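Undergrad: One structure, pasted below without further comment.
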Amino acid sequence: MNFEVRELRAEDIPRIVATDGGAVWHGGAKKWDQRLAEQAGGKRLVLVAVNAADILGYGAVLWASGHAPFREAGIPEMMDVMVAERGRNQGVGTRLIHALEERARAANYKKIGVAVGHFSDYEAAQRLYLHLGYAAYGEDIDSGGASAPADEKGRVDDDLVLWLVKELEAE
Ligand SMILES: CC(C)(COP(=O)(O)OP(=O)(O)OC[C@H]1O[C@@H](n2cnc3c(N)ncnc32)[C@H](O)[C@@H]1OP(=O)(O)O)[C@@H](O)C(=O)NCCC(=O)NCCS
């Protein structure tokens, strides 16, 4: 498939919101205005995968992660990687992830991390991150921002995540 991966621009936002990317695709225009402002302020980088007609997907890196062990170790956090349902399994997600890794490497980071969910909605992401060289960071899983150690009972939802990390090799 022919497409470009580049930084988010203001004019992309109405196109993202108008795209039918499937469940949990865009999350609302307000969120995108905030993401653009955070990109302008150097807090976040947002990349989009686009062709002439469509926004195919997007993904971001938060340079100072909200997850304290990543932040303290200087590991930027990849987040919000999403490919519109009809464009999946054609390499768009892989290109987005590689482009985000490349930007982190260029900014001299040695590692990049990501949180992945536990239930079947995240099956494609779990497989893809492992395929692309991500490995468990070696922490307890996290439930709603707090560590959930052995024997903890709780709810399985989007907030129950496993932290993964990848070494960024020097080019
Ligand atoms: C996870 C997600 C971003 C992957 O996007 P994608 O564009 O389908 O990813 P890719 O096409 O690059 O890779 C998916 C699979 O297709 C394979 N693939 C890549 N290019 C391909 C091609 N041209 N033809 C056939 N298969 C291909 C990949 O090797 C990969 O296989 P794997 O599952 O065995 O690793 C997408 O499924 C998604 O948006 N999921 C919902 C949101 C989500 O879970 N985001 C992650 C949050 S942590």
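Read-outs: derived from the displayed coordinates by stated rules, not from any lab. Not measured: the values here are computed from a predicted model. Heads up, the Cβs are rebuilt from the backbone with ideal geometry, glycines too, and the neighbour counts pull from every protein chain shown.
Undergrad: Of the conditions (1) free of Cβ contacts under 8 Å to residues at least 40 places away in the same chain; (2) touching a Phe, Trp or Tyr at 6+ places or on another chain (Cβ under 7 Å), residue 126 clears all except one; give me its number.
TA: (2)
Undergrad: A follow-up question, please. Quick one: residue 71 ticks every box in (1) within 14 Å of the ligand (Cβ to nearest atom); (2) part of a helix (DSSP H, G or I) bar one, so which box is it?
TA: Against the list (1) within 14 Å of the ligand (Cβ to nearest atom); (2) part of a helix (DSSP H, G or I), residue 71 comes up short only on (1).
Undergrad: Which residue pairs have Cβ atoms under 7 Å apart, sit 6 or more places apart or on different chains, and have a first residue in the stretch 75-92 that is without any contact (Cβ under 8 Å) to a residue 60 or more places away in the chain and at positive phi and a second that is more than 8 Å from the ligand (Cβ to nearest atom) and not acidic (Asp, Glu)?
TA: If the second residue must be more than 8 Å from the ligand (Cβ to nearest atom) and not acidic (Asp, Glu), the pairs left are 80/58; 80/60.
Undergrad: Follow-up question, since we're still on this one. Looking at the stretch 111-150, which of its residues are away from the ligand (no atom under 13 Å from the Cβ) and among the aliphatic types (A, V, I, L, M)?
TA: Once the filter is applied, which keeps residues that are away from the ligand (no atom under 13 Å from the Cβ) and among the aliphatic types (A, V, I, L, M), the stretch 111-150 yields 135, 136, 141, 146, 148, 150.
Undergrad: Let me ask you something else. Based on this model, can you work out whether residue 103 counts as of a type in the set (Lys, Arg), within 16 Å of the chain's Cα centre (by Cα) and within 11 Å of the ligand (Cβ to nearest atom)?
TA: No, not satisfied.
Undergrad: Scan the stretch 34-57 for residues that are in a loop (DSSP other than H, G, I, E, B) and more than 15 Å from the chain's Cα centre (by Cα) and report the count. Break it down into steps so the answer makes sense when it comes.
TA: Pass one, the stretch 34-57, residues in a loop (DSSP other than H, G, I, E, B): 41-43, 51-54.
Cutting the leftovers down to more than 15 Å from the chain's Cα centre (by Cα) gives us 41-42, 51-54.
Within the stretch 34-57, residues that are in a loop (DSSP other than H, G, I, E, B) and more than 15 Å from the chain's Cα centre (by Cα) number 6.
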